[in-house]
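Participant: One structure is given below, represented as structure tokens, and several questions about it will come after.
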Amino acid sequence: MSDINNIKFSNLTFSYKSDDVYSIHATFQSSGDLVVSGSSQPSYNEFDVSFSDSGSDSLNGEISFSAELDAPSPNPDWQNAVNFKFLDLTSGASASKKSHGKIRGNNCPPPGAPTEELVGVLGSLDDYGARIKTVIMQRTGGDTQVTITTENINGEPTGYRIVGNMEHIIETGSGPVHTWAFEIEEDKTVDVDNVFQFDFSSVDAEVGLPILFYAKGTDVNDVHQSDALLWIEQ
């Protein structure tokens, strides 16, 4: 018999659909005799995956990253994101914080910093006429491999695309905050160097890993917004 606490995401993929809605696909590790029987989003900041003794070995559905996730503002030390909760329909048991994330413009980093003074500072992918098309999180032992692809908001093939990435640390009053920063360049058609490995157990689930974008030739330290917040149980 499987313990719902032992089930973890093996692969978690978000694909842009429309507005704040993403298609979601997932596979799992250590599921034993429990399989996916359904999913729902009972509130803007919770996504439930149900398991039972019959169903599918993968999850396919939709998730909304509502504008309600942007509150409260200015940024608290924790970030308002969607919490993934697993439910065992056979025993009634549940397990929270299997993953925690948000894929939409965010007033962080850094957590805890005021945002009013940052008006006019380029810092979100939207400022460059682009958006996140897909996020793929693939667990690989103690790390997770993250792949991010972008696309133009207007549908044109050429625009700002990823040309590099690096780990970035922001010092705050509460201590250092890990982020991951993607360098983007205009007049490109495809993303390159858009994959990184990260041990998500090194960051608190409520803080997560903010994903930043900065234009080639600019300073990543001038970025005061993120376009995604990612965390997955290792």
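Participant: For the stretch 158-183, give me the residue count where each residue is in a strand (DSSP E or B), of a type outside the set (Gly, Ala, Ser) and over 29 Å from Phe9 (Cα atoms).
Facilitator: Of the stretch 158-183, the ones in a strand (DSSP E or B) are 159-172, 175-183.
After this cut, where a residue has to be of a type outside the set (Gly, Ala, Ser) as well, the list is 160-163, 165-172, 176-180, 182-183.
The next check asks that each one be over 29 Å from Phe9 (Cα atoms); those that pass are 160, 171-172.
Qualifying residue count, the stretch 158-183: 3.
Participant: Hey, any hits in the stretch 192-200 for a residue that's outside the structural domain of Val82 (by the TED database), open to solvent by 50 Å² or more (accessible area, probe 1.4 Å) and over 19 Å from Ala130 (Cβ atoms)? Working first, answer last.
Facilitator: Our first condition is that a residue be outside the structural domain of Val82 (by the TED database); within the stretch 192-200, this holds for 192-200.
Checking which are open to solvent by 50 Å² or more (accessible area, probe 1.4 Å) leaves us with 192-193, 195, 197, 199.
If we keep only those that are over 19 Å from Ala130 (Cβ atoms) as well, we get 197, 199.
Taking every residue of the stretch 192-200 in turn, at least one turns out to be outside the structural domain of Val82 (by the TED database), open to solvent by 50 Å² or more (accessible area, probe 1.4 Å) and over 19 Å from Ala130 (Cβ atoms).
Participant: Right, another one. For the stretch 12-52, what are the residues that are touching a Lys or Arg at 6+ places or on another chain (Cβ under 8 Å), over 20 Å from Ser96 (Cβ atoms) and of a type in the set (S, T, N, Q)?
Facilitator: Ser15, Ser23
Participant: State all residues of the stretch 212-227 that are surrounded by 23 or more Cβ atoms within 10 Å (Cβ to Cβ) and either more than 17 Å from Thr150 (Cα to Cα) or modelled with pLDDT of 95 or more (or both); if no residue qualifies, say none.
Facilitator: To start, the set of residues in the stretch 212-227 that are surrounded by 23 or more Cβ atoms within 10 Å (Cβ to Cβ) comprises 212-213, 223, 226-227.
Answer for the stretch 212-227, where residues must be surrounded by 23 or more Cβ atoms within 10 Å (Cβ to Cβ) and either more than 17 Å from Thr150 (Cα to Cα) or modelled with pLDDT of 95 or more (or both): just Val223.
Participant: Also, I was wondering about something else. For the stretch 174-192, enumerate the residues that are among the β-branched types (Val, Ile, Thr) and either at pLDDT 95 or above or more than 22 Å from the chain's Cα centre (by Cα) (or both).
Facilitator: Within the stretch 174-192, Ile184, Thr189, Val190, Val192 qualify.
Participant: Take Gln145 and tell me if it is within 22 Å of Phe28 (Cβ to Cβ) and assigned to a loop (DSSP other than H, G, I, E, B).
Facilitator: no
Participant: Can you tell me which residue is nearest to Ala93 (Cα to Cα) among those in the stretch 1-34 that are aliphatic (A, V, I, L, M) and crowded, with 18+ Cβ neighbours inside 10 Å?
Facilitator: Here the answer is Ile4.
Participant: If you don't mind, another one. Out of (1) open to solvent by less than 30 Å² (accessible area, probe 1.4 Å); (2) under 16 Å from the mean Cα position of the chain (by Cα), what's the single condition that is false for Ile162?
Facilitator: Single failed check for Ile162: (2).
Participant: Anything in the stretch 1-18 that is among the polar types (S, T, N, Q) and not in a loop (DSSP other than H, G, I, E, B)? List them, or say none. First the steps, then the outcome.
Facilitator: Just the residues of the stretch 1-18 that are among the polar types (S, T, N, Q), to begin with: 2, 5-6, 10-11, 13, 15, 18.
Listed by number, the residues that qualify are Asn5, Asn6, Ser10, Asn11, Thr13, Ser15, Ser18.
Participant: Also, I was wondering about something else. Applying the selection to the stretch 178-191, what residues are open to solvent by less than 20 Å² (accessible area, probe 1.4 Å) and under 22 Å from Thr140 (Cα atoms)?
Facilitator: If the condition is that a residue be open to solvent by less than 20 Å² (accessible area, probe 1.4 Å) and under 22 Å from Thr140 (Cα atoms), then Thr179, Ala181, Phe182 are the ones that fit.
The values are calculated or read from the model by the stated rules, or taken from the named source; none is laboratory data. Since the model is a prediction, treat every value here as computed from it, not as a measurement. Note: ideal-geometry Cβ built from the backbone for every residue, glycine included; neighbour counts use all protein chains shown. Note: areas computed on protein heavy atoms with side chains; ligands, DNA, RNA excluded. Shrake-Rupley method; radii C 1.70, N 1.55, O 1.52, S 1.80 Å.
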